[in-house]
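K.L.:
Please read through the structure below; I'll follow up with questions.
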Amino acid sequence: MKQRYFIELQYDGSNFAGWQIQPNANTVQAEIENAFYTITRKAIGITGCGRTDAGVHARYFVAHFDSDIIFEKDEINLLIYKLNRFLPISINIQKIYPVKPEAHARFDAVSRTYKYYLNTNKNPFLEKYAWYFYGNFNFELMNETAKTLYNFSDFTSFSKLHTQTKTNNCKVMHAEWTCENETWIFTIKADRFLRNMVRAIVGTLLDVGRGHITPSNFTKIIEQKERQKAGQSVPAHGLFLEEVEYPENIFIQ
């Protein structure tokens, strides 16, 4: 009988073509599966809580795997140590723990939280993890406009074209710009996200903040359900997956 385990990890996505395995591309999932094989000499498939795009980072990411081996606590600690030895410095395994057999890292997630980091002043020490974009932005107006997201469920206008998702419906629970140490941060929480959705929303809100479109235009863009009507996607390197939440009943108490 196999035991299912959750993995909590973080990664710098700068040099990866995203989370999910792709032919002829370096991905986070492939690195972890290769590390597992090196240690166990068994092909162990890893299922992630989602698929981040190329260049996107994760301060907190969850995946699961099944194992014939029932690891004791000390063995789990040793496994984490060995995995981190074989993994590049850009990937860090933080925790591994058993969960109920039906627990699923992707389908059981009830919410995900992303943050986008924007600098309006040039800072060489933040260049890798925040987008420098000069301009005068009306962040108060952008925050008022962001509340519009709560009124809709179909976000086709902010989705990458020709994806394989069955629905473009999402429930946005929080969307807000805040400022910390001269860095503007857009935090958005939803039950699920479409590919490229956060970066497209940020780009369109920046158009509002610069006066290129009005808040009513923003609403019309969502209603039109056409990606070409929305703003440009902002660069990937400023985007972080920050949190994934699960119901308590999938964990072993």
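The numbers here are math on the coordinates, done by the rules we state, and not lab data. Values in this document were obtained by computation on a predicted structure and should not be read as measured data. Counting neighbours? That spans all protein chains shown, and the Cβs are built from the backbone with ideal geometry, glycine included.
K.L.:
If I ask for residues that are surrounded by fewer than 21 Cβ atoms within 10 Å (Cβ to Cβ), part of a helix (DSSP H, G or I) and among the β-branched types (Val, Ile, Thr), which ones from region 204-220 would you list?
P.N.:
The one that is surrounded by fewer than 21 Cβ atoms within 10 Å (Cβ to Cβ), part of a helix (DSSP H, G or I) and among the β-branched types (Val, Ile, Thr): 219.
K.L.:
Could you please let me know if residue 83 is in a helix (DSSP H, G or I), within 16 Å of residue 4 (Cβ to Cβ) and out of contact with any Asp or Glu (no Cβ under 8 Å at 6 or more places or on another chain)?
P.N.:
Working: in a helix (DSSP H, G or I): yes; within 16 Å of residue 4 (Cβ to Cβ): no; out of contact with any Asp or Glu (no Cβ under 8 Å at 6 or more places or on another chain): yes.
No, not satisfied.
K.L.:
In a strand (DSSP E or B), of a type outside the set (Ser, Thr, Tyr) and out of contact with any Leu (no Cβ under 9 Å at 6 or more places or on another chain) - does that describe any residue in region 128-145? Explain how you work it out, then say what you get.
P.N.:
First, pick out the residues of region 128-145 that are in a strand (DSSP E or B): 131-132.
Next, from what is left, pick out any that are of a type outside the set (Ser, Thr, Tyr): 131.
Cutting the leftovers down to out of contact with any Leu (no Cβ under 9 Å at 6 or more places or on another chain) gives us none.
No, region 128-145 contains no residue that is in a strand (DSSP E or B), of a type outside the set (Ser, Thr, Tyr) and out of contact with any Leu (no Cβ under 9 Å at 6 or more places or on another chain).
K.L.:
Okay, moving on. Which residues, taken from region 1-53, are of a type in the set (A, V, I, L, M, F, W, C), more than 21 Å from residue 97 (Cα to Cα) and free of Cβ contacts under 8 Å to residues at least 24 places away in the same chain?
P.N.:
Across region 1-53, the qualifying residues are 21, 25.
K.L.:
Moving on to the next point. Restricting attention to region 172-192, report how many residues are closer than 24 Å to residue 141 by Cβ and assigned to a loop (DSSP other than H, G, I, E, B).
P.N.:
In the first step, residues of region 172-192 are kept if they are closer than 24 Å to residue 141 by Cβ; the result is 172-190.
Next cut, assigned to a loop (DSSP other than H, G, I, E, B) only: 181-182.
Qualifying residue count, region 172-192: 2.
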